[in-house]
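Visitor: Before I ask anything, here is the structure I am working with.
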Amino acid sequence: MVCCVFLTPKQAFIATCLYLLGGGLGLPIFADSSSGFEKFQGGSGGFLYGFVFTGVFISYLGRIGFRSTFLKAFIAMTLATILLLVIGNAHLCYLYGVEKGLEYGLYPFWKGALIKALVGAAIIVLLKDRFE
């Protein structure tokens, strides 16, 4: 998401699709150095294809000024994280039911996601002058 905030929506779409293609073709770039197209059908599938939507979304937010201050960058990162969690958990809930889907994909990760949003916002603010 930090990378995509500095890209145009089209560039973010291409970058995230290339990431997924690389991982699908065997580059060990998914969680735990995993890869393969079968990952899209498993529990992490929604989070993987969710990167395309969140990448484009946060890119749009970056274009309209959500990288100018820490608070705005944090809001952008938080909104994009929520979108990713919704997409990823929808996939999990489809596979395993609502209770198990949330147990596997939301409850253990929401605190870490919030910390990542804070760190991501700080990185965005530190790098913003290099990309404007």
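Every number here is computed from the coordinates shown, using simple stated rules; none is lab data. Fair warning: this is a prediction, and the values are worked out from it, not measured in the lab. For neighbour counting, all protein chains shown are included, and Cβ atoms are generated from backbone atoms with ideal geometry for every residue, glycine included.
Visitor: Apply the a/c threshold of 1.5 to the C-alpha gyration tensor of the chain and tell me whether it is rounded, prolate or oblate. All intermediate terms of the calculation are to be shown ahead of the outcome.
Guide: On the way: a/c = 2.19, a/b = 1.43, b/c = 1.53.
Oblate, since a/c reaches 1.5 and b/c is not below a/b.
Visitor: Now for a different question. With a Förster radius of 41 Å, plug the Cβ-Cβ distance of Gln11 and Glu103 into 1/(1 + (r/R0)^6) and report the FRET value to the nearest 0.05.
Guide: Working: r = 36 Å, r/R0 = 0.88.
The pair Gln11/Glu103 has a calculated efficiency of 0.70.
Visitor: May I ask you to list the aspartates and glutamates whose Cα is less than 14 Å away from that of Lys10, ignoring any residue fewer than eight positions away on the same chain?
Guide: Those aspartates and glutamates meeting the cut-off do not exist here.
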